[in-house]
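Read through the structure below, which is laid out as structure tokens, and then see the notes.
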Amino acid sequence: MGLDFTESEFMICQCARLMEDGKIVFIGYGMPQVAAILAQRLHAPRMVQVYEFGAVGSLPETPFVRFTMGGPRNCYRSLAWTNMNTIFAQAQLGMVDLGVLGATQIDRFGNVNSTMLGADYKHPEKRFPGSGGANEVLTQCWRTVIVIRHERRRFVKKVDFVTSPGYLDGSREARERAGIPRGTGPWRVVTSKALYGFDDHSRQMTLLGVLRGLTIDDVLKGMEFTPLVGEKVEQLEPPTQEELRILREEIDPARAIIGETARD
Amino acid sequence: MDVLQAGVGEFTVEDPDDLRAFMRTEKRREMVDKVMPEAEAVRRYVKDGDYISFDFSSFTRGPASLIREIIRQRRQNLWFAAKFTLMESTLLVAAGCLRGIDVGFLGLGNLIGKAVEEGRIKVTEWTNGTLTLRHLAGAMGVPFLPSRNLLATDTLTYSGAKVVQDPFTGRPIALVPAVNPDVGLVHVHQCDIYGNARCFGPGVSPLETAMASKRTIISTEEIITTDDIRKEPSKTTIPYYLVDAVVYAPFGCLPGGAQGVYEMDTEHFLEYMAASGDEPKMAAYLEKYIYSVASHEEFLEKRVGVAKLLDLKRQATIKEGYH
């Protein structure tokens, strides 16, 4: 990666670019929060952010403060303050267009692990916090974006634990058969090097774009499985000067989420 | 209804009629002054082996001082509902208070992860949403509620949920069992001496937690008159008869914030994060902030200090909506 921007900045910008104006978007903790503020300042002023503790349509105050989520700065000027049962019910009702989540591990069908590593659940090699609200988001939102660092240990053939459901075994209508709402599922995977979607038929992860300057091989090397490669793989633009200015000057001057560039 | 799949996680269910009988005999209908010192509230209502639930977040409007008092009184074998208890679940584990955790979000820091890896603590998997839905079921006095979450995941396998064929649509649906905590802990902005309480801002489930719990302890930033409560009843979040104890605990959310009153203490959280992966540092943290002070008042006086309190109040510049 070049010296001009951090991996986190690129992931945040990609994520923000996928957030459409006028949509209702479920925002996860950390990077998705920063991406949502960026999107609102650039192209999506009418996007409605919703949070699992019930804030609807907030216009977060900046600078972004580390740890803040349910507090006054992040919930500033909301349209409504509800609670967890209400907001997850609204997601279950089909009101949430997009969800944005982080993850520890992902497999070719978009199944997500944020619970544990190791072959034996009873004796995990490494235990993580678990679902939080991720299972609800990936189950109920019409589309879900998963944000994950581009590392081989994260893009695995089979996740050690399915915390939140992707397209399961990839078979036709696997989600619907299990009782999961029809027409939902992982939509995009955003990494520090690439962008993926999912094939409509085989439900396999499909490479859609690579960061300008990288080759497809550069990207595939960082994965344990080989994804499908789209007919036309897009060159993903690095963060623009304007995106970086807003991130560094307005949203996260303390660089708690965006991180430091090597040049600093 | 055929059970298509049953999770293997440990959990307990309450007989709804036993619960009703408890509510009939144990929850006082008369308005009595329930204000008591924090130590007394915990001594009276939190027993070894209890199931404890907390609303809403370590960062915002969480009953942090009540958790510290539970640790100070060295309760043991508790089972804890962990959702936004990013810090408290780790403190309770490090202090040896817990037997098990219902996981929405386990907690931050490597120490709690290590306790699970080494089998020192039991966990049952849920999600933030389904654990909160279990509180709603508990609050409604029904044994379970249906959910379209959890399905087709390992989270479900290691939860206590069951998948059944919905008798109305024929489709698979998850049923999550009610939870009726022995003790619910809720921090509120204001309440009267009887427990009529107001929470401002968004939250997880203050009312569901108070309704579902057999005993509810509230800690409050401010005590107001019942006349004030009656003037604006639409502001009441929790009616008094659900509440067993009222603890006057200004700054009771620290190091978290109370919306519109004081901001969270970011420096303290960074200190906690540094301690949360290291046993000696965590032991020192527990000693410094909990065991070496006798009460919340002494914590404020000796471990936080007036200058910090005033600064955190000053930082709470956003007031709108929180009164």
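Restricting the range B:256-285 to residues that are within 13 Å of chain A (Cβ to nearest Cβ) and of a type in the set (D, E), the residue that is nearest to B:L92 (Cα to Cα) is B:E271.
Screening the range A:165-180 for residues that are at the interface with another protein chain (Cβ under 7 Å from one of its Cβ atoms) and assigned to a loop (DSSP other than H, G, I, E, B) and picking the one that is nearest to A:I27 (Cα to Cα) gives A:P165. Considering each residue of the range A:92-100 in turn, none proves to be assigned to a loop (DSSP other than H, G, I, E, B), touching an Asp or Glu at 6+ places or on another chain (Cβ under 6 Å) and surrounded by fewer than 24 Cβ atoms within 10 Å (Cβ to Cβ). Do we find that A:G133 is in contact (Cβ under 8 Å) with a residue 60 or more places away in the chain, farther than 25 Å from A:T206 by Cβ and surrounded by 24 or more Cβ atoms within 10 Å (Cβ to Cβ) in this structure? Criteria met by A:G133. Only one of the numbered conditions (1) over 23 Å from B:S147 (Cβ atoms); (2) more than 9 Å from chain B (Cβ to nearest Cβ); (3) crowded, with 24+ Cβ neighbours inside 10 Å is not met by A:G71, and that is (2).
Tally time: how many residues in the range B:63-96 are among the β-branched types (V, I, T), crowded, with 24+ Cβ neighbours inside 10 Å and touching a residue at least 40 places away in the same chain (Cβ under 8 Å)? Counting residues in the range B:63-96 that are among the β-branched types (V, I, T), crowded, with 24+ Cβ neighbours inside 10 Å and touching a residue at least 40 places away in the same chain (Cβ under 8 Å) gives 2. Scanning the range A:131-164 for residues that are part of a loop (DSSP other than H, G, I, E, B), out of contact with any Asp or Glu (no Cβ under 6 Å at 6 or more places or on another chain) and within 11 Å of another protein chain (Cβ to nearest Cβ) gives A:S131, A:G132, A:D160, A:T163. Residues of the range A:9-59 that are among the β-branched types (V, I, T), more than 20 Å from A:Y196 (Cβ to Cβ) and more than 14 Å from every other protein chain (Cβ to nearest Cβ): A:I24, A:V34, A:I37, A:V48. Looking at the range B:258-291, which of the residues that are of a type in the set (G, A, S) and not in a helix (DSSP H, G or I) is farthest from the chain's Cα centre (by Cα)? Going through the qualifying residues, I end up with B:G277. Annotation: of all residues in the range B:198-229 being within 14 Å of chain A (Cβ to nearest Cβ) and among the β-branched types (V, I, T), the one that is nearest to the chain's Cα centre (by Cα) is B:T209. When you scan the range B:11-31, do you find a residue that is aromatic (F, W, Y) and closer than 30 Å to A:P72 by Cα, even just one? No, there is no match, as no residue in the range B:11-31 is aromatic (F, W, Y) and closer than 30 Å to A:P72 by Cα.
Among strands (runs of 3 or more DSSP E) entirely within the range B:87-147, having at least 2 residues that are within 10 Å of chain A (Cβ to nearest Cβ) and more than 14 Å from the chain's Cα centre (by Cα) singles out B:122-125, B:144-147. Count of the range B:148-176 residues, restricted to those that are surrounded by 22 or more Cβ atoms within 10 Å (Cβ to Cβ), more than 13 Å from chain A (Cβ to nearest Cβ) and farther than 26 Å from B:S58 by Cβ, is 0. The residue of the range B:28-41 that is surrounded by the most Cβ atoms within 10 Å (Cβ to Cβ), among those that are assigned to a loop (DSSP other than H, G, I, E, B) and touching a strand residue (DSSP E or B) at 6+ places or on another chain (Cβ under 9 Å), is B:K34.
Only the coordinates and a few stated rules stand behind these numbers; no lab work does. All values reported here derive from a predicted model rather than from experimental measurement. So basically every Cβ, Gly included, is an ideal-geometry build from the backbone, and we count neighbours across all protein chains shown.
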